[in-house]
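The values are calculated or read from the model by the stated rules, or taken from the named source; none is laboratory data. All figures in this text were calculated on a predicted structure; none of them were measured in a lab. Methodologically, a virtual Cβ is constructed for each residue, glycine included, from the backbone with ideal geometry; neighbour enumeration extends over all protein chains shown. Accessible surface areas use protein heavy atoms only, side chains included; no ligands, DNA or RNA. Shrake-Rupley method; radii C 1.70, N 1.55, O 1.52, S 1.80 Å.
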Amino acid sequence: MDTQNPSAPSRAQSRIAGKKHHSGVVHDNTRHTTRFTVIGNHLAQHPELSGLAIGLAVYIQSLPTGARADIKTLTARFPEGAIRIAAALRELETHGYLRRERHRVPDGRIVTRTVSCNQPGRHREDEPHCPAPAPAPIQKKRTSSKPLPAVPRPAFPAAALLQAATDLLAGLHRDDPGLLLSTCDTAHLAPGVAAWLERDVTPTAVRHALTTDLPPEGLRRPAALLAHRLSAQLPPPPPFRAPTPPPAVRHPLQTCDGCDRAFRSPAPGRCRDCRVLSPSHL
């Protein structure tokens, strides 16, 4: 027996509606036999999810098992930016349509697996359970947060050095939108970046160390990750270099007033031998 679909009226109902010239949507449906995905009305008509979240859920449910569904992959697929896509994925997690789990693989790396639930609250015994949709929690202002890890400090925190570090941190969001830092986070991290710059590391090298190999699922606390990298990957101080002695002064040639011999001196006069034989030195 076929399952009834309340969203798709029968052909008889469509003909009757057409005769009465009712306003509203009229369905011109054709039954799919291949390459289709069944989507529940609880998702397609969800009263609290945004249109972008519903669209991403439909797209993710249509993917084969093992396909990538991280923020970078979805950003490359859709015109919306990474920030909007990340917010839509959080909506789906809140309402139980998506769950992201971390697993350690045999080589020691930690990978993220995305679990898509086409009907939250119901599952087979051999499938992971997805929580039932819950109303969106009331956003409360956090009174306290976990402090950021300590960062290294420069030996000589010059104002110009700290300003260069601040400018570098302020531009990290151009490499990854998830690295948009607050003023407080930037002030906390600036001494750590200054310590790298003080050790003869170029700004390009510092930026590369902070922005490469970021987690594909996005960052919950980007400042904490940057603080950890600044401390854990701090390069050693540059090798000691002895100061270079100033070059020897080479005076011009002069002609001795006593023996006409050439000698070097800053001013005309007598050579060393004539000065020794001079009566004033006897």
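I'm trying to understand the selection: among the residues of the stretch 236-272, which are among the aliphatic types (A, V, I, L, M) and within 30 Å of Asp200 (Cβ to Cβ)?
Across the stretch 236-272, the qualifying residues are Ala242, Ala248.
Does the stretch 254-262 contain at least one residue that is open to solvent by less than 50 Å² (accessible area, probe 1.4 Å), in contact with a Leu (Cβ under 7 Å, 6 or more places away or on another chain), without any contact (Cβ under 8 Å) to a residue 60 or more places away in the chain and of a type in the set (A, V, I, L, M)?
no
Restricting attention to the stretch 41-54, and to residues there that are closer than 12 Å to Tyr97 by Cβ and among the small types (Gly, Ala, Ser), which single residue is nearest to the chain's Cα centre (by Cα)?
Ala53
Could you list, in sequence order, all residues of the stretch 172-209 that are open to solvent by 30 Å² or more (accessible area, probe 1.4 Å) and free of Cβ contacts under 8 Å to residues at least 24 places away in the same chain?
Matches in the stretch 172-209: His173, Arg174, Thr183, Cys184, Ala187, Thr202, Thr204, Ala205, His208.
Can you tell me how many residues in the stretch 55-80 are open to solvent by 30 Å² or more (accessible area, probe 1.4 Å) and β-branched (Val, Ile, Thr)? I'd like the intermediate steps shown before the answer.
First pass over the stretch 55-80, keeping only residues open to solvent by 30 Å² or more (accessible area, probe 1.4 Å): 55, 58-59, 61-68, 72-73, 75-80.
Retained after the next criterion (residues that are β-branched (Val, Ile, Thr)): 58, 65, 73, 75.
Qualifying residue count for the region: 4.
May I ask you to list the residues in the stretch 158-180 that are of a type in the set (Asp, Glu) and more than 8 Å from the chain's Cα centre (by Cα)? Steps first, please.
Let us first name the residues in the stretch 158-180 that are of a type in the set (Asp, Glu), namely 167, 175-176.
Hit for the stretch 158-180 is Asp167, nothing else.
Here is a yes/no grid of residues against (1) of a type outside the set (Lys, Arg); (2) outside any helix (DSSP H, G or I); (3) touching a Leu at 6+ places or on another chain (Cβ under 7 Å); (4) at pLDDT 80 or above:
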position	(1), (2), (3), (4)
Pro9	yes, yes, no, no
Ile16	yes, no, no, no
Lys19	no, no, no, no
Ser23	yes, yes, no, no
Val26	yes, yes, no, yes
Asn29	yes, yes, no, yes
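With respect to the numbered conditions (1) under 18 Å from the mean Cα position of the chain (by Cα); (2) modelled with pLDDT under 85; (3) over 14 Å from Cys117 (Cβ atoms), which one is the sole condition not fulfilled by Arg68?
The failed condition is (1).
Give the stretch 39-90 a look and list any residue that's farther than 22 Å from Leu219 by Cβ and of a type in the set (Phe, Trp, Tyr), or say none.
Tyr59
Mind telling me which of the residues Pro243, Pro216 ends up being farther than 19 Å from Val151 by Cα, open to solvent by 50 Å² or more (accessible area, probe 1.4 Å) and within 10 Å of the chain's Cα centre (by Cα)? Show your work before the answer.
Details: Pro243 fails: within 10 Å of the chain's Cα centre (by Cα).
Criteria check complete, one pass: Pro216.
Assess whether Leu161 counts as being in contact with a Lys or Arg (Cβ under 7 Å, 6 or more places away or on another chain) and modelled with pLDDT of 90 or more.
Considered against the rule, which asks whether it is in contact with a Lys or Arg (Cβ under 7 Å, 6 or more places away or on another chain) and modelled with pLDDT of 90 or more, Leu161 comes out as no.
Checking the condition loosely packed, with under 10 Cβ neighbours inside 10 Å and basic (Lys, Arg), which residue from Arg250, Arg275 passes?
Selected residue: Arg250, the only one of Arg250, Arg275 that is loosely packed, with under 10 Cβ neighbours inside 10 Å and basic (Lys, Arg).
Identify the residue in the stretch 147-168 that is within 19 Å of Pro236 (Cα to Cα) and touching a helix residue (DSSP H, G or I) at 6+ places or on another chain (Cβ under 6 Å) and, among all such residues, is least open to solvent (accessible area, probe 1.4 Å).
First, the residues of the stretch 147-168 that are within 19 Å of Pro236 (Cα to Cα): 150-157, 161, 165.
Then drop every residue that is not touching a helix residue (DSSP H, G or I) at 6+ places or on another chain (Cβ under 6 Å), which leaves 151-154, 161, 165.
Values: Val151: 19, Pro152: 24, Arg153: 166, Pro154: 17, Leu161: 36, Ala165: 0 Å².
The selected residue is Ala165.
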